[in-house]
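Every number here is computed from the coordinates shown, using simple stated rules; none is lab data. Everything numeric here is computed off the predicted structure, so don't read it as measured data. Every residue, glycine as well, gets a Cβ built from its backbone with ideal geometry; the counts of neighbours run over all protein chains shown.
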Amino acid sequence: MTSNTPIKHLLGIKGLSASHIHTIFETADNFKELLNGPVKKTPALRDITIANLFFENSTRTRVSFELAEKRLGADTINFSSSSSSVKKGETLIDTVNNILSMKVDMVVMRHPAPGACLFLSKHIDAQIINAGDGTHEHPTQALLDAFSIRERLGDVAGKKVVIVGDILHSRVALSNIYSLQLLGAEVMVCGPATLIPKHISHLGVKVSHNLEEALNWCDVANMLRIQLERQDQRYFPSLKEYSNLYGLTLDKLNRLDKDICIMHPGPINRGVEISSDVADSKHSMILQQVENGVAVRMAVLFLLGQQRL
């Protein structure tokens, strides 16, 4: 990746510098212009083969990566663990090595175990892009979120961003904190005390348990869904109570003395963390995030893929 310190893999935001991120954004600008033009493809990666390995269910991220790869002219292999030899006990390394024997250059992987992508990068030659590893990181989501803020507000530096919801189980939250701080934004997390990691303030973020206070502070609110599939116990009495305290409604927005931008990494639980009238309002950047996801992932794939050509 073009920078003072090139990287071979995208394992997380923590391994990047602000220079890396600016390079990705500048490249994504060019690809977004391409995607909005009459010819939406480029043969930039026509000699690259990419394997999409998703060991967890995914629709938005997997489709976004697949589209980005096809727009770049790459050959793709799609792998789902639900219909593979993983179900028969095959190890992660054996699975990937079997795929690499087909001369794969890059691997896009989502895995339920934190650190799985880092582990894999130490054992195989292909370049690894982390599409989400457990509750650890989701770097391309954070990049497209920051890119969307930059597009809407002109710059990320100096902006105040609150991340609301299930911070404890969210890989999106951690990657967003790293990327936003690298780009000069102030970050706050907001949610019930049971869903905020104990020592998160050590990352240099503000902490609030009051949504109204957080909304009055911020320029951008990134609303996260409750990760029920990752919870092994009850962290609040009921979804109704959570929604009353931390769900974002148009009434709550209208009580503010300013306009703020609303983001959501998806999938949306309408009526829980965000109401339909907010998700579909002028404040919402949600569809902009989806659109920008393809351009940002094209940029990441292109910059890493160029090292193999």
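Stretch Asp75-Asp280 to full length: gain in nm at 0.36 nm per residue minus the Cα-Cα span?
70.2 nm
Mind checking the log10 I(q)/I(0) for the stretch 139-289 at q = 0.11, 0.12, 0.17, 0.21 Å⁻¹? Debye, one equal scatterer per Cα, no solvent, two decimals.
-0.36, -0.43, -0.92, -1.50
Could you compute the net charge surrounding Thr59? Neighbours are other residues with a C-beta less than 12 Å from the C-beta of Thr59; K and R count +1, D and E count -1.
Taking every other residue near Thr59 into account, the sum is +1.
Determine, for Leu100, Leu256, the number of other Cβ atoms within 10 Å of each Cβ, and report the residues in order from fewest to most.
Going from sparsest to densest Cβ surroundings: Leu256, Leu100.
Determine which residues of the stretch 58-72 fall in the zone a paramagnetic label at Lys41 would reach in this model, i.e. backbone nitrogen under 19 Å from the point 7 Å along Cα→Cβ.
Residues passing the 19 Å test: 63-72.
Net charge around His123, counting only other residues with Cβ within less than 14 Å of its Cβ (Lys, Arg = +1; Asp, Glu = -1)?
0
Work out the charge dipole of the chain with +1 on the Cβ of Lys and Arg and -1 on the Cβ of Asp and Glu about the Cα centre, then indicate which of Ser275, Ile128, Ser58 is farthest towards its positive end.
Farthest along the dipole direction, towards plus: Ile128.
I need the shape label for the stretch 22-146. Rule: rounded when a/c is under 1.5, else prolate if a/b > b/c, else oblate, with a, b, c from the alpha carbon gyration tensor.
Judged from the Cα gyration tensor, the stretch 22-146 comes out prolate (a/c at least 1.5, a/b above b/c).
Would you please give the residues with an amide H less than 5 Å from that of Thr76, counting only those at least 5 places away or on a separate chain, with H modeled from the backbone geometry?
Here Ile50 satisfy the definition.
Along the charge dipole of the chain, pointing to its positive end and built from +1/-1 on Cβ of Lys, Arg, Asp and Glu, which listed residue (Leu301, Ile48, Ile21) has its Cα farthest out?
Ile48
Given just the C-alpha atoms of the stretch 1-83, how large is their convex hull per residue in cubic angstrom?
120 Å³
Could you tell me how many degrees, from 0 to 90 and to the nearest 10, lie between the Cα long axis of helix 60-71 and the main elongation axis, the longest principal axis, of the Cα atoms of the chain?
The two axes meet at around 40 degrees.
Could you give the angle, 0 to 90 degrees to the nearest 10, between helix 18-35's Cα long axis and the longest principal axis of the Cα atoms of the chain?
That helix lies at roughly 80 degrees to the long axis.
Sort out the exposed loop trypsin sites (Lys or Arg not before Pro) in the chain (DSSP loop, at most 12 other Cβ within 10 Å) and tell me the longest stretch that has none.
Formally, the longest exposed-site-free interval is 123-197.
Per the helix-only calculation at 222 nm, which mean residue ellipticity applies to the chain, given -39500 (n - 2.57) for every DSSP H run of n ≥ 4 and division by its residues, nearest 500 deg cm²/dmol? Before the final figure, lay out the partial values.
Values: 11 runs with 116 residues, N = 309.
So the calculated ellipticity at 222 nm is -11000 deg cm²/dmol.
Rounded to a whole number of µm²/s, how large is the Stokes-Einstein D of the stretch 75-207 at 37 °C and 0.692 mPa s, given Rh as the Kirkwood radius over C-alpha pairs?
197 µm²/s
Step through the residues of the stretch 185-194 one at a time and calculate ³J(HN,Hα) from phi using the Karplus curve (6.51 cos²θ - 1.76 cosθ + 1.60, θ = phi - 60°), rounding each to whole Hz and writing x for Gly and Pro.
With coefficients 6.51, -1.76 and 1.60, one gets 8, 8, 10, 10, 10, 9, x, x, 4, 6 Hz.
Using alpha carbons only, what's the Rg to Rh ratio of the chain with Rh from Kirkwood?
Taking Rh as the inverse mean 1/r over Cα pairs, Rg/Rh reads 0.97.
Give me the extension gain from Asn210 to Ser17: residue separation times 0.36 nm, minus the current Cα-Cα distance, reported in nm with one decimal.
Stretched out fully, the Asn210 to Ser17 stretch lengthens by 66.3 nm.
Using only Cα atoms, find the angle between the long axis of helix 171-182 and the longest principal axis of the chain, and express it within 0 to 90 degrees, rounded to the nearest 10.
Approximately 90 degrees, to the nearest 10.
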